[in-house]
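The values are calculated or read from the model by the stated rules, or taken from the named source; none is laboratory data. Quick caveat: nothing in here was measured; it's all calculated off a predicted structure. Here the Cβ positions follow ideal geometry from the backbone for every residue, glycine too, while neighbour counts run over all protein chains shown.
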Amino acid sequence: MGFRHRPGFQQSVNIRQATLNTRIFTMHVEYRPFQLSGSGDRIGSHRDQVRWQALLLICRTLWTEKLPVKDNAELALGQRIKNFIDEHYKENLEFRLITAELKMNRFYLAHVFKAFSGYSPKQYQTRRRIGEAQSLLLSTSSGVTEVANAVGYDNVNNFHRIFQNLIGISPARYKKFWLTGELKSK
C-alpha cells in the first residue's frame, strides 16, 4: 500500500489523507479555514464549505475505486482492532494492553491496523478523540476544559496543542467559527 516516488506522488498522498479523514470521521470534514483576499477576518462561505466537502467526496470515491481488494480475514481483524480502540478511546491505551486483550503479536497488530485504517493505533485513538471533541464542542454548551476531560485528556494544554495541530485552529476558535461563522483575530 506504500507509495513509490513517481509523478503525482503528492497528489496520491493528499487523496489518501482526504479519504481516510472522511472514512474515519464521517460526521466531520476537516476544513482548514482560509482567508479570502480582501475579506478581513471572514473565512470561506457556506458555498466554499460545500465545495470542500464535494472535493473530499470525489477524492474518497477515486481512492476507493483504486484500493486493492483485501482479504476478509484481514478486514475483520482490522475492524476488531478499530472496535476495541473505539470502545476504549477515552482511556490511556497502551499498545501492550491492546495486544494482550486481542491476543496478537504487536508487530502484526500494527501492520494489520495500519493497512486497514492508514493510521497507527495511537494515531487513530488521537484522531478519534479529536473527532469526538469536535462533536461535543458543536453539540453541547460545554467549555473546552470539559470537552477535553470528556474525551480522555487530563491535560487541557495537551488537548489544545493536539487539536490545533490536527484541525488547524484552537478548540475555542473552532466552536466559535462553526456556531457563528465568525473567527476572532489572534
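Brief remarks follow.
- Selected residue (criterion: farthest from Tyr124 (Cα to Cα)) from residues of the range 143-186 that are of a type in the set (Gly, Ala, Ser) and either out of contact with any His (no Cβ under 7 Å at 6 or more places or on another chain) or not assigned by TED's automatic domain parsing to the domain that holds Arg127 (or both): Ser185
- Of all residues in the range 97-114, those satisfying the criterion of being under 14 Å from Lys82 (Cβ atoms) and surrounded by fewer than 16 Cβ atoms within 10 Å (Cβ to Cβ) are Glu101, Leu102.
- Top-ranked residue of the range 72-123 - restricted to ones that are modelled with pLDDT of 90 or more, among the aliphatic types (A, V, I, L, M) and under 30 Å from Glu146 (Cβ atoms), ranked as nearest to the chain's Cα centre (by Cα): Ile85
Residues checked against (1) crowded, with 18+ Cβ neighbours inside 10 Å; (2) without any contact (Cβ under 8 Å) to a residue 24 or more places away in the chain; (3) in a helix (DSSP H, G or I):
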| residue | (1), (2), (3) |
| --- | --- |
| Asn83 | no, yes, yes |
| Glu87 | no, yes, yes |
| Glu91 | no, no, no |
| Arg128 | yes, no, yes |
| Thr145 | no, yes, yes |
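- Test: residue in the range 169-180 that is more than 19 Å from the chain's Cα centre (by Cα) and of a type in the set (A, V, I, L, M, F, W, C): yes
- Set side by side, the residues Arg161, Arg127, Arg173 differ, and just one is closer than 29 Å to Gln79 by Cβ and out of contact with any Ser or Thr (no Cβ under 7 Å at 6 or more places or on another chain), which is Arg127.
- Verdict on Ser117 being closer than 21 Å to Lys176 by Cβ and either touching a residue at least 60 places away in the same chain (Cβ under 8 Å) or out of contact with any Lys or Arg (no Cβ under 9 Å at 6 or more places or on another chain) (or both): no
- Restricted to the range 165-186, and to residues there that are small (Gly, Ala, Ser) and touching a helix residue (DSSP H, G or I) at 6+ places or on another chain (Cβ under 7 Å), the residue that is surrounded by the most Cβ atoms within 10 Å (Cβ to Cβ) is Ser170.
- Looking only at residues of the range 147-164 that are within 22 Å of Asp86 (Cβ to Cβ) and free of Cβ contacts under 8 Å to residues at least 12 places away in the same chain, we find that the one that is surrounded by the fewest Cβ atoms within 10 Å (Cβ to Cβ) is Asp154.
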